[in-house]
Amino acid sequence: MFGALKTAFRTHQPVSTFKSLTQSTPRCFHAVALRFAEQKNTMNPIKPELGASSLFGDVSAHVNEVPVEQGGKATVKEYQFSTANFKTSTKKLRLLANQIKGLDIQNAINQMEFSQKRPGKRVMNTLAFARTNATTQEKYSMDASKLYVDRAWVGKGIYHRRIKTHARGKFGVMHHPTAHLKFTLKERQPETTEAGRATRRDIRGWKQTKKVWTPLIEDKPIYNPTRTYNW
């Protein structure tokens with residue numbers, strides 16, 4: 001019987017011949033051979049779907065991206081920069097990170113220039129250096145007039161330990177902390193508003209009223225003032 005099967009494979013006989021040969025002894029013929037014979041005799045073999053042919057296949061070549069002019073999603077450029085670890089604590093540096101978050105790049109540099117905090121000068125130089133890189137490098141080529149600080153966070157560096165001497169032969173341990181500041185720069189996009197006004201949360205006391213000038217009441221304290229200099 002095996003000799004007849006070999007000749008059938010060589011001559012490419014139809015599937016009905018294989019079935020007639022295996023009706024008498026179905027256990028001797030493997031299911032893989034039947035599947036191979038059926039696929040070999042069919043005119044349109046089964047092809048795998050997109051992404052299933054190979055693990056390393058170029059699936060992105062078959063994906064059609066919609067351009068921005070036709071309603072596609074625009075990619076937002078982002079530039080991330082960081083300072084080196086310098087001598088300060090994360091608690092002190094976090095105050096400056098909260099101050100420059102959300103400000104325009106030039107406004108953030110001005111705030112750090114007149115800040116009384118010691119790490120302010122280091123942050124100011126880093127912001128100016130990051131603005132130059134974001135505008136001059138060909139990979140980003142961002143507009144300096146639209147740049148703003150999107151995010152700013154603080155990371156902990158190495159804490160150096162030193163001996164602190166005490167009386168009567170005793171000693172303690174001093175910690176010299178270091179920290180670094182990371183931030184991301186983005187281009188400010190034009191806001192899409194409905195009927196000329198931005199949408200706000202619908203909660204009690206939050207009304208979309210026009211902002212008018214009101215005199216400062218001397219007896220009423222100012223709650224949550226901004227950490228910026230108002231010239």
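Each value in this text was obtained by applying a stated rule to the coordinates, not by laboratory testing. It should be emphasised that the depicted structure is a prediction, and the values quoted were computed from it without experimental measurement. Glycine also receives a Cβ, built like all others from the backbone with ideal geometry; neighbour counts cover every protein chain displayed.
Can you work out the FRET efficiency for the pair residue 101 and residue 137, with r the C-beta to C-beta distance and R0 = 25 Å, to the nearest 0.05?
Calculated value: 0.60.
What are the ³J(HN,Hα) values, in whole Hz, obtained from phi via the Karplus relation 6.51 cos²θ - 1.76 cosθ + 1.60 with θ = phi - 60°, for each residue of the stretch 121-137 in sequence order, with x given for Gly and Pro?
Values per residue, Gly and Pro as x: 5, 5, 5, 4, 5, 5, 5, 5, 5, 5, 5, 5, 5, 5, 8, 9, 6 Hz.
Only four residue types carry charge here, +1 at the Cβ of Lys and Arg and -1 at the Cβ of Asp and Glu. Report the dipole size of the stretch 115-175 about the Cα centre in Debye, rounded to the nearest 20.
Result for the stretch 115-175 is approximately 720 debye, rounded to the nearest 20.
Based on the inverse mean of 1/r over its pairs of different Cα atoms, what is the Kirkwood hydrodynamic radius of the stretch 111-189, in Å?
Final number for the Kirkwood radius of the stretch 111-189 is 15.6 Å.
Give me the one-decimal nm value for the distance between modelled label points at residue 110 and residue 81, 7 Å along each residue's Cα-to-Cβ direction.
According to this spin-label approximation, the distance is 1.9 nm.
Take the Cα pairs of the stretch 83-140, get the Kirkwood Rh, then feed it into Stokes-Einstein at 37 °C and 0.692 mPa s and tell me D in µm²/s.
Value of D from the Cα-based Kirkwood radius: 273 µm²/s.
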